[in-house]
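Readers should treat all values here as calculations from the given coordinates under stated rules, not as data from a laboratory. None of these values were measured; they are calculated from a predicted model. Cβ: placed from backbone, ideal geometry, glycine included. Neighbour counts: every protein chain shown.
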Amino acid sequence: MTVISSNLGYPRLGEKREWKKTLEHYWAGKIDEPEFHAETKALRLANLKKEQAAGLDLIPVADNSDYDHVLDTIAAFGIVPERYGRFHKQLTLDEYYAIARGTKDAVASEMTKWFNINFHYIVPEYDQPHFELLDNRWLRFYSEAKTELGIDGKPVILGPISLLKLGKRNGDYLDAAAVDELLPQLLPLYKQVFTELAQAGVKWVQVDEPTLVKVATDAEVKPYETALNALRQAAPSINIELQTYFESIDPYKAATKLPVQAIGLDFVHDNGENLQHVLNDGFPSDKVLAAGIIDGHNIWTSNFADKLVLIKRLQGVVDNNHLWLQPANSLLHVPITTKNETKIDPVLLGGLAFADEKLHELTVLTKAANEGQQAVSEEFTKNAAALKALNESEHRNNAEVRAAEANLANETFERHSAFPTRIALQHKKLQLPLLPTTSIGSFPQSKLVRSKRAAWRKGNITDAEYEDFIKSEIKRWIGIQEDLGLDVLVHGEFERTDMVEYFGQKLTGFYATQNGWVQSYGSRGVRPPVIFGDVAYTKPITVKESVYAQSLTDKPVKGMLTAPLTIINWSFVRDDISKAQVQNQIALALRQEVINLEKAGIKIIQVDEPALREGLPLKKRNWKPYLDEAVYSFKITTTGVRDDTQIHTHMCYSDFEDIIDTISALDADVISIETSRSHGEIISSFEKTHYDKEIGLGVYDIHSPRVPSVEEIQANIERALRVIDVHQFWINPDCGLKTRQEPETLAALKNMIAARDNVRASL
Ligand code: GLN
Ligand code: ZN
């Protein structure tokens, strides 16, 4: 017996995003259900064949999905919210998609972020739990892979405890008591799945329990034990691989005692803690250590020499029969292959590994683990040369950037005066009315905007024509905002497809992939920029548009930038230096842009940090360094201006209470926060905590086309004013309006202004 290679899951999208097209064609009525199934099956088998061809020893099955794996599990176990009806047999496609996308009578289920990465899942609802095994999809896909391709696969199933903990009851995530209460109802269904899998001859099942990395104490491991014991009893012939990812396991000893045959640990995104546990506390000799050694959510070529050192350390603890090598998490979260990056600098290409390249790395390293490095010496030489070329390239050795970084330690980044002094100067200069009213930045990106951009990219219209078009949109919207009666205007962000991509195109060190798509949610893919080199400012980014907009009006126009942390969180970031270092490079570049905006006469500059909250580390004990770094880079970006220049920031989905100190420490003069989805909570946090700066709590939800009434918005304003001083309060929508249609946007803004006028009149 030897060390073997195993995978945890393969990307769904398809090299040419076939999967996305199939889903969307079905939704648009262009294909019927049988065609849908034929197309998804072809893709599923093609993906499996690739894994087979890569030489993987243990191939995951049932990791495919028609939307996301949590929704699949919801549908399989009949955890369908009652508003869609009651089901006693496998859901049809329409019934399945109703949960994800809603129907005209029933709203869609909530969607939320999958741990700390940019993927979103449908949240199970346990309000009126009704559990019934409607579809043993794990058996279906296991049998299919076996009959069609001769693959004796490893079904992947989301474990019962995580399925419960990831869901909500009456709007709140299930607590320990609720998990204990619901588990006995859910477990028999899992047992049935396992019994049927055992009958079909399944040898290994991968039970994903990612929530185990968020558990702090031995006592919290108990429910996992209860569940796993039940599965074992139901199917003693099945071996269970208990899979964790995205972090280390704190109650390591208790976890390694769980009744399973293999434990999957993440050795990449664990801050080195899993390795410390294994080295210090050992690993049970009767279990397999399924070692996640390849980065599953970043895209860099592994350093083979370093990985072999890690493997050897693990081989010092477990014997080869008990060691598997794996990606650290499902490859779902990385793009499929670098081979379709045809226009890329070969030096960068050598440093990139998407899913297929990662599988290849895995087989090389498995061979090295079994036969020694000399068995794959050519691969090792090639690997070292590629990494050396990238690390030594000019992209990663910008002397000016390095000098500026080195100088950071000698500088402090503070505004000249404290907030009370600044705000008085700003009030004097800006002369805004009480309850100043603004928007978050973007206006609808209409079909016309998108088609002009596409034409420009294809070279069908010239740069000048495109610029003129952007200007005409800016002008039109400055007029609209003046007519509506907003006090602080924006240029509308028409020149940006995406608030991160846009900055990536203008700074050095970024690469925009041609085909680096990853699933964000459902059929929706994103192509995160790749930050591969030193980030430097070479030319103004947004100044032209802001200055043009300001030239059209006497009202102040806000400059609009994306803050460093958000750029980092929504990109693939180089891993040869620390994230903080990259973040500071971006901050130093943006600082120059902020200064240039001020020089060009812009009086208010908004620096958006929407991803601050969602990027929080999974373990609370790691929050502080992350938040400190967020504050530091925000202050590098924003403190180069005069006291009378007003700095704004904006955040989405902010659970305000537990990070209020950070929000205040950013020292932004004005903050706008998305509020309507958790209205009561955020507002009530102001009863408990004093916030001294100016603030706009979004007064209506922009995430739906629905136009809120004047009364409704007015009630939101009045409610906020009960806890926030009227002199501190700003009126604005919840977030940018980019994804909305123009008519509904105009109607909603009109109502917002009317509500504001009513409140102003009542003061
Ligand atoms: N300024 C950006 C916009 O209005 C902010 C977007 C965001 O918060 N995600 O689109
Ligand atoms: Zn927002």
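Helix 679-688 axis versus longest C-alpha principal axis of the chain: approximately 70°, rounded to the nearest ten. Here's the list of aspartates and glutamates a cross-link from residue 191 could span, going by alpha-carbon distance under 18 Å and ignoring same-chain residues fewer than 8 apart: 72, 132, 135, 180, 181, 208, 209, 225, 241.
What you get for the chain, charging only the Cβ of Lys and Arg (+1) and of Asp and Glu (-1), is a dipole of about 1060 debye around the Cα centre. Taking the Cα centre of the range 3-73 as the origin and placing charges on Cβ (Lys, Arg +1; Asp, Glu -1), which of 8, 46, 70 is farthest toward the positive end of the dipole? The Cα lying farthest towards the positive end belongs to 46. Placing a label point 7 Å from the Cα of residue 389 along the Cα-to-Cβ direction, the residues of the range 338-358 with a backbone N closer than 12 Å are 345-352.
Expressed as a fraction of 2.2 N^0.38 Å, the C-alpha radius of gyration for the range 122-225 is 1.19. Convex hull volume of the Cα atoms of the chain, normalised per residue: 164 Å³. If I take every Cα pair under 8 Å that is 6 or more residues apart in the range 324-423, average their sequence separation and divide by the length, what percent do I get for the relative contact order? Once divided by the residue count of the range 324-423, the mean separation gives 23 percent. Mind pulling the angle between the C-alpha long axis of helix 579-599 and the longest principal axis of the chain? Nearest 10 degrees, somewhere in 0 to 90. Relative to the chain, helix 579-599 is tipped by roughly 20 degrees. What is the angle, in °, between the Cα long axis of helix 463-484 and the longest principal axis of the Cα atoms in the chain? Nearest 10 is fine, range 0 to 90. Relative to the chain, helix 463-484 is tipped by roughly 70 degrees. Charge dipole of the range 271-341 (Cα centre as origin; +1 on each Lys and Arg Cβ, -1 on each Asp and Glu Cβ, all else neutral): 160 debye, rounded to the nearest 20.
Considering Cα pairs under 8 angstrom that are at least six residues apart, work out the relative contact order of the chain and quote it in whole percent. That works out to 11 percent. Positive-end ranking of 234, 246, 224 along the dipole of the range 209-248, with charges on Cβ about the Cα centre, is headed by 234. Pairs of Lys residues in the range 39-183 that lie 8 or more places apart, or on two chains, and have C-alpha atoms under 27 angstrom apart add up to 21.
Summed over all non-identical Cα pairs, the Kirkwood treatment of the range 1-160 gives a radius of 16.9 Å.
Lysine pair count for the range 480-613 with Cα-Cα distance under 13 Å and sequence separation of 8 or more or different chains is 5. Measuring between their Cα centroids, the range 248-311 and the range 706-763 lie 51 Å from each other.
In a DSSP loop and with at most 16 other Cβ atoms within 10 Å, the trypsin sites (Lys or Arg not before Pro) in the range 361-458 are 458. Multiplying the residue separation of residue 553 and residue 317 by 0.36 nm and subtracting their alpha-carbon distance yields 78.0 nm. Cross-link partners of residue 693 among aspartates and glutamates, defined as those whose alpha carbon lies under 15 angstrom from its own and excluding same-chain residues fewer than eight positions apart: 643, 644, 661, 667, 669, 725.
Taking a ≥ b ≥ c as the square roots of the eigenvalues of the Cα gyration tensor, the range 212-326 is classed as prolate, since a/c reaches at least 1.5 and a/b is larger than b/c.
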